[in-house]
Amino acid sequence: MSGPIPVVFVHGLNNSPGVWDPAVSYFQQKGYPSTSLLKFDYSSNAHDHIRSNAKRLASFLDDEGLGSAGSPCHLIGHSIGGLVVRYYYHEEDGGKQNKGAFATFATPNHGASWYSSFCILGNMGEFCNEAVRDMVPHRLVDFNENHECYTDRVAFTSSIGGDERVWSGTELAGALNINAVDKNAEEVGDDPCIGGVSDIHTSITRKKVVLDKVLEFLRTAQVDRPRPADLLEGPKLYDAACTYASMWGSVRWDLPANAPSELMVQVDPGLGQGANGWFKQLASTRCLDNRLVSGGAVRFLDPRPGGYTSAWSTVEFEDGFPRCSVSVTNAGGGLSRWPDPA
């Protein structure tokens, strides 16, 4: 394949592909040929389930000859379109093979309370449709816990200050996260006011600073991306400990044979915050001191191209005096050797 990797733009819930016209024109000004810029139109089905629209995206890309391992494409989604992209990326065969990167603009990656309140407070007709139900925050918890494991060469997110529809939960663990872009920042092109929607939430698709950053991201994107959570074994944890006087506990792990120097541990400290509370550190440190509560979990992440992600191993603490009791569950019995990248 010659030329740049194609870019596919995915619109949001109450928009149409035309919302991306200013961005497409700007990409062309920056050297992308028009044949490498596509817009996916699912406006007639936008109120359907996110997974259903991810399948429609997969069919569209198949028809265009994109998304397979041999024909990668990058994907950029606005608002719920970013969730459509992520579901495609992780759950559709073409998405799992697609070696392109993705970006989300003002996407409620951890749920949209503003939208979903129409369903939480009662079925308010057209405002509570299948897509909105899918954005109720608790419905995205399992998806994010299973699939939120990225690097800043694979995933990009952005949000805009003053967004009246999605004001939190746009970030993804490990991604390149650009937060709270100024709502008055310079725009490219004219406001298309597509479908009667013209607001701060939609204006992020025209913000020059966001488009410049995503262009830079795509130029350096790691096309051969790591695969998420595809090992059955987790870190081999031991020496977990906590004290009666502190809610925080500690744990150590064995570094598997053949582990690369850049191998990371990703940590869920057990605070019930989901991926928003996760953090990473080098696996070679071999320990966490006073950074876990009961239900905390640890997994390995290989950031190299084609690198793997392990399963989670977990730690449970129970009150006791002077020390609490501890139980450790090493997924799959614990990893003894780290695999080479795929």
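The values are calculated or read from the model by the stated rules, or taken from the named source; none is laboratory data. Bear in mind the structure is a predicted one, so any value in this text is a computation, not a measurement. All Cβ positions, even for glycine, are placed from backbone atoms using ideal geometry, and neighbour counts span all protein chains on display.
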- Message: Take ASP41 and tell me if it is over 14 Å from the mean Cα position of the chain (by Cα) and modelled with pLDDT under 95.
- Response: no
- Task: Scan segment 41-63 residue by residue and report those that are touching a residue at least 40 places away in the same chain (Cβ under 8 Å) and closer than 20 Å to THR205 by Cα.
- Result: TYR42, SER43, ALA46, LEU57
- Item | Selection within segment 1-11 - part of a loop (DSSP other than H, G, I, E, B) and under 30 Å from VAL136 (Cβ atoms) | HIS11
- Message: So if I check each of THR151, THR170, which one is at pLDDT below 85 and among the β-branched types (Val, Ile, Thr)?
- Response: THR151
- Item | Candidates PRO108, PRO72 - the one that is under 14 Å from the mean Cα position of the chain (by Cα) and in a loop (DSSP other than H, G, I, E, B) | PRO108
- Query: Got a number for residues in segment 12-64 being among the small types (Gly, Ala, Ser) and not in a helix (DSSP H, G or I)?
  - Reply: 4
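Matching residues to (1) out of contact with any strand residue (DSSP E or B) (no Cβ under 9 Å at 6 or more places or on another chain); (2) hydroxyl-bearing (Ser, Thr, Tyr); (3) at pLDDT 90 or above:
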position	(1), (2), (3)
TYR26	yes, yes, yes
ALA54	yes, no, yes
SER59	yes, yes, yes
GLU64	no, no, yes
ALA69	yes, no, no
LEU83	no, no, yes
HIS90	yes, no, no
ASN98	no, no, no
SER117	yes, yes, no
- Message: Of the residues GLY82, GLY67, only one is within 25 Å of THR170 (Cβ to Cβ), part of a loop (DSSP other than H, G, I, E, B) and in contact (Cβ under 8 Å) with a residue 12 or more places away in the chain; which?
- Response: GLY67
